[in-house]
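Got a structure for you, questions after.
The values are calculated or read from the model by the stated rules, or taken from the named source; none is laboratory data. None of these values were measured; they are calculated from a predicted model. Here the Cβ positions follow ideal geometry from the backbone for every residue, glycine too, while neighbour counts run over all protein chains shown. Heads up: the accessible areas ignore ligands, DNA and RNA and are worked out on the full protein's heavy atoms, side chains in. Shrake-Rupley method; radii C 1.70, N 1.55, O 1.52, S 1.80 Å.
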Amino acid sequence: MRKLSMLLCALAAAGALWWVFWGTTDAPSDGKRVLRFLDGPDVGGGWKEVIEAFHKAHPDIRVELEEGPASTNQREDMYTTAFSSGVATYDLAYMDVIWVPKFASAGWVVPLDERLSEAARKEFLPGDIAGGTWEGKVCRLPVRSDAGMLYYRKDLLDAAGEKPPETWEDLERIAKKLARPPSMHGFVFQGKQYEGLICAFLEHVWGAGGELIDDEGKVRIDEEPAVAALTWLVALVREKKIAPEAVTTYGEEEVRKAFQEEQALFMRNWPYAWKHLGAEDSKVRGKVGICPMVHGPGAKSAATLGGWGFGLARTARDPEAAWTFARFASGPEGQRILHRRNGAVPSRHALYKDPAVLAESPHLADLYQVVLAARPRPVHPRYSRISDILQVHVSGALVGKTAPKEALSNAATEIRAALAEERPK
Ligand code: GLC
């Protein structure tokens, strides 16, 4: 009996080992070189088309896309778990611009300097290359750029003789005049406790003349401009009823759907939404305008720089195959497809001047300047910790748990303490 249980234990241990080393990687059964990466849901089917086009040109390679959760935070956690375990689950890391310092300093992705010439780098928007650089080394090949902006119901504003708003005050005034809550709210934005909230919030902090962390590394999120920005956002939700309370549960897609269902006059979102709003079955097709985000008194409009691109995993099973695919996806054809299908904003200068792209998306001409001027979030290996702290406190204020000033003072204290700790997590 004892022998049998020892044998069973040994078998179980061998099984566990097999799973750790082989079970999570794909053994190519058809002799193809396999590579895998993770992104969110392929809304629009752009990745599917890119991968099919790549397979046609490279029949010996099979690309597998894992469609994970929509939230950047959850996908960052998934990559972190995979890379920390050292198992080659993903050969490419499809990285948000804010993950680069963490992934690069941990050595999970390798520098690309030798693979990417100076001339090749110049083909991309400078912010996307800078955002993918850590300690002087390019670690991410840009695929899509991103910048936050304001969408508005052009049909309704035009009919009322209103111009697009420039300031917080303009937005409030127009919303009070034209919105009809609860069927049509004034403003919807990403208010859920996650990274999107920080992107939306920072646009108002910067748009009031404030900072999260300045160039000298000083935490300034408890200063007056940031407090004014949060006070304004909280008042929109809680007292002025310009934004519905439900925004505290909204990510990008919930916001887009509310706007597309004609439930809001103004929306903060990324440019990807434009394609979906203009789709044939969209209720707001032809009724939408875009403009820079509104700003506070005496300050200037600001957009948060977002964006995605490929890092080459240190544990990639076939680095050459992975690089070939990354180059294809970030190349003109890959980006054209992702733009046409998913509304992804190109990260290549040339596509903003490409007549075929412009014929289909004339708004790209204006978007170019917005993307070029967008501001990065703090570039720090502990950015996700900084953001997590801020998310808790900004969200606490939006749901009415804490007053804005107190929320930001607590956030600043915790961020300072986190940054004072020596070792990155
Ligand atoms: C977009 C941006 C990304 C940002 C995320 C927040 O995907 O491109 O940079 O972190 O939204 O939700």
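So if I check each of GLU216, GLU211, which one is without any contact (Cβ under 8 Å) to a residue 12 or more places away in the chain, over 30 Å from LEU156 (Cβ atoms), in a loop (DSSP other than H, G, I, E, B) and more than 16 Å from the ligand (Cβ to nearest atom)?
GLU216
Moving on. Among the strands (runs of 3 or more DSSP E) lying completely within segment 42-147, list those that include at least 2 residues that are away from the ligand (no atom under 15 Å from the Cβ).
Fully inside segment 42-147 and qualifying: 61-67.
Any idea which of GLY44, GLY86, GLY31 is surrounded by 16 or more Cβ atoms within 10 Å (Cβ to Cβ), at positive phi, out of contact with any strand residue (DSSP E or B) (no Cβ under 6 Å at 6 or more places or on another chain) and at pLDDT 85 or above?
GLY44
Let me ask something else. Among the residues of segment 299-320, which ones are hydroxyl-bearing (Ser, Thr, Tyr) and within 14 Å of the ligand (Cβ to nearest atom)?
THR304
To continue, here is another question. Out of (1) assigned to a helix (DSSP H, G or I); (2) open to solvent by 30 Å² or more (accessible area, probe 1.4 Å); (3) under 20 Å from ALA302 (Cα atoms); (4) not aliphatic (A, V, I, L, M), what's the single condition that is false for GLU254?
Going through (1) assigned to a helix (DSSP H, G or I); (2) open to solvent by 30 Å² or more (accessible area, probe 1.4 Å); (3) under 20 Å from ALA302 (Cα atoms); (4) not aliphatic (A, V, I, L, M) one by one, GLU254 breaks only (3).
Please list, ordered by first then second residue, the pairs with beta carbon atoms under 9 Å, 6 or more apart or interchain, first in segment 336-358 and more than 17 Å from LYS122 (Cβ to Cβ) and touching a residue at least 40 places away in the same chain (Cβ under 8 Å), second among the aromatic types (Phe, Trp, Tyr) and assigned to a loop (DSSP other than H, G, I, E, B).
ASN342/TYR272; GLY343/TRP270; GLY343/TYR272; ALA344/TYR272; VAL345/TRP270; VAL345/TYR272
Let me ask you something else. Could you go through segment 372-394 and let me know if any residue there is modelled with pLDDT of 95 or more, of a type in the set (S, T, N, Q) and part of a loop (DSSP other than H, G, I, E, B).
Within segment 372-394, not a single residue is modelled with pLDDT of 95 or more, of a type in the set (S, T, N, Q) and part of a loop (DSSP other than H, G, I, E, B).
Okay, moving on. Identify, by number, the condition in (1) surrounded by fewer than 16 Cβ atoms within 10 Å (Cβ to Cβ); (2) farther than 19 Å from VAL100 by Cα; (3) among the β-branched types (Val, Ile, Thr) that VAL379 doesn't meet.
Failed condition: (2).
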